[in-house]
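Quick notes on the structure that follows.
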Amino acid sequence: MSLQLWTHCKLATMQPDAALPYGLIEDGALVVEGAVLHWVGPRRELPPQLVQRCGQQHDAGGALITPGLIDCHTHLVYAGDRSDEFELRLNGASYEAIARQGGGIASTVQASRSASPEDLKRQSRVRLQQLLAEGVTTLEIKSGYGLALAHERKCLQVARDLGRENALAIRSTFLGAHALPSEFAGRPDDYIDEVLRMMVLLHAEGLVDAVDAFCERIAFSPAQTARVFETARQLGLPVKLHAEQLSDSGGAQLAASFGALSCDHLEWLSQEGAQAMAAAGSVAVLLPGAFYFLRETRLPPVDLLRRQRVPIAISTDCNPGSSPCSSLLLMLNMACTLFRLTPHEALAGVTRHAAQALGLRDRGVLAAGMRADFVLWDVQRPAQLSYALGAKPCIQTIFNGEPR
Ligand code: NIG
Ligand code: FE
């Protein structure tokens, strides 16, 4: 197979044990073999015989190259918007109060159920393209706006279709336990029975890579969440959890006891929760867009996570209610300004740690043997990626070894 060589670039390899922050290599070189990175390092160490084998040689023009970005927590497939609730909130209503009055997630469920698959795909594709333009090469998409078998299936199929029709990798997560649909009003345990049934069927159809739930006083209890996770475990599916977003319900400990890939949001995470996550190896996925958009004031305990050595990922949470956002670069900035992450931590949060939050070991760093997913940026220093607001620094994205 012919090799491709990339030179005249700075590399932010994001390798964890590198000597310099970002695993930075000032004058770097990459050799790609098919869809895999074959060699990564300083240009002066490139073996000459390897260069001779490179059929194609690319001049990166001095660009910074990072791993392809990974958005590890989104609800990207939905119909309609909730700008009406945005107005209500600005007139004093709270997110929780709107949800309790039958708005919130339920109103997006109604819009998404009514949409045809084509329409749902068309609306979702707009958001997807914004993420692609910022160098996203792996994207997680949750269901959870169908809440009935046919509609959950429709949303997951749209997610899979978007992956087939675009040059990026999609991971789909079943979030049947997102909210109680109105037809089950007053019968949450019966709905959990239905969630378990849907999970088994949708998994058998090959539509599910992981399972998530919303454990919160306006959603499902820890006991109900545990039932969802037990079935996931029987099916061999990894779990994740919307945990401690609006209150501390001990969701993180529960998720950790099931070896969760990640616990997400975490503004109300306790010391015990962080310890449990550390012991289980769960990633903390922080969602600054939701914190900002809901005008939350309680910060996720970043120092506690650092002390416990819990890896931190950052994501858009792209959804119509709490984070109508399809810019991962903006999230890098907000992770730094709002949550006080360093630009290095923020970039690790959308590369190496985001890969870990999805259970993917073949991406998120530039190293030999990893997937050849990488991005060329028109910046001098990696910190510029989280520094600028609204900049469009992505020059080119390589996915699976091919320019996209
Ligand atoms: O991640 N917390 C639950 N789910 C979404 C919001 C969903 C919605 O409001 O539509 C979140 O914030
Ligand atoms: Fe979410």
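The values are calculated or read from the model by the stated rules, or taken from the named source; none is laboratory data. All values derive from a computational prediction rather than experimental measurement. Using ideal geometry, Cβ is built from the backbone for each residue, glycine included, and neighbour counts are taken over all protein chains shown. Remember, those area values only see protein heavy atoms, side chains included, never the ligands or the DNA or RNA. Shrake-Rupley method; radii C 1.70, N 1.55, O 1.52, S 1.80 Å.
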In degrees, nearest ten, helix 188-204 long axis to first principal axis of the chain (Cα) | 40
Report relative contact order for segment 69-357 in percent, whole number only (criteria: Cα-Cα under 8 Å, sequence separation at least 6).
-> 18
Rounded to the nearest 500, what is the chain's calculated 222 nm mean residue ellipticity when only DSSP H runs of at least 4 contribute -39500 (n - 2.57) each, over all residues?
-> -10500 deg cm²/dmol
Table column - 3J(HN,Hα) (Hz), segment 315-321, Karplus curve with 6.51, -1.76, 1.60, x for Gly and Pro | 8, 6, 6, 2, 7, x, x
Could you tell me what percent of the accessible area of segment 114-202 is made up of carbon and sulfur, with a 1.4 Å probe and every protein chain present?
-> 51
Which order do 258, 86 take when ranked by solvent-accessible area (1.4 Å probe, heavy atoms of all protein chains), largest first?
-> 86, 258
Nearby aspartates and glutamates by direct alpha-carbon distance to residue 240 (threshold 13 angstrom, same-chain neighbours under 8 apart not counted) | 140, 209, 212, 230, 264
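For the peptides 349-355, 277-283, 292-298, 367-373, what is the packing order when you average, over each peptide's residues, the other Cβ atoms within 10 Å and list the highest mean first?
Result, highest mean Cβ count within 10 Å first: 349-355, 277-283, 367-373, 292-298.
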Return one quarter of the surface area of the convex hull spanned by the alpha-carbon atoms of segment 128-199, equal to its mean projected area, in nm².
-> 5.0
Percent breakdown of C-alpha pair distances by 10 Å bin, ordered from the shortest bin, for segment 264-404 = 12, 39, 36, 12, 1
Globularity index of segment 64-110, i.e. its alpha-carbon radius of gyration over 2.2 N^0.38 Å = 1.63
Return one number: the angle in degrees, 0 to 90 and rounded to the nearest 10, between the long axis of the Cα atoms of helix 149-165 and the longest principal axis of the Cα atoms of the chain.
-> 10
On Cα atoms only, tilt of 222-235 relative to the major axis of the chain in degrees | 50
If amide H atoms are modeled at 1.01 Å from N in the peptide plane, then the residues at a separation of 5 or more from residue 77, or on another chain, having amide H under 5 Å from its own are 142
Which lysines have a Cα lying under 18 Å from the Cα of residue 121, excluding residues fewer than 8 positions away in the same chain?
-> 142, 154
As a percent rounded to 5, the proportion of antiparallel DSSP bridges among beta bridges in the chain is 45
Segment 195-327: antiparallel bridges as % of DSSP beta bridges, rounded to 5, reads 5
Going by average Cβ neighbours within 10 Å, how do the peptides 66-73, 241-248, 229-236, 145-152 rank, with the highest at the top?
-> 66-73, 241-248, 145-152, 229-236
Phi angles of segment 66-73, converted by Karplus (6.51 cos²θ - 1.76 cosθ + 1.60, θ = phi - 60°) into ³J(HN,Hα) in whole Hz with x for Gly and Pro, give 10, x, x, 6, 10, 9, 9, 8
Listed residues 307, 227, 82; largest mean-square fluctuation, Gaussian network over the chain with Cα springs below 10 Å, found at 307
Output the peptides 206-214, 327-335 sorted from most to least packed, where packing is the average of other Cβ atoms within 10 Å over each peptide's residues.
-> 327-335, 206-214
Looking at the chain, what % of the alpha carbon pairs are farther apart than 42 Å?
-> 11
Could you check which residue among 23, 250, 92 shows the biggest mean-square fluctuation in a GNM of the chain with a 10 Å Cα cutoff?
-> 92
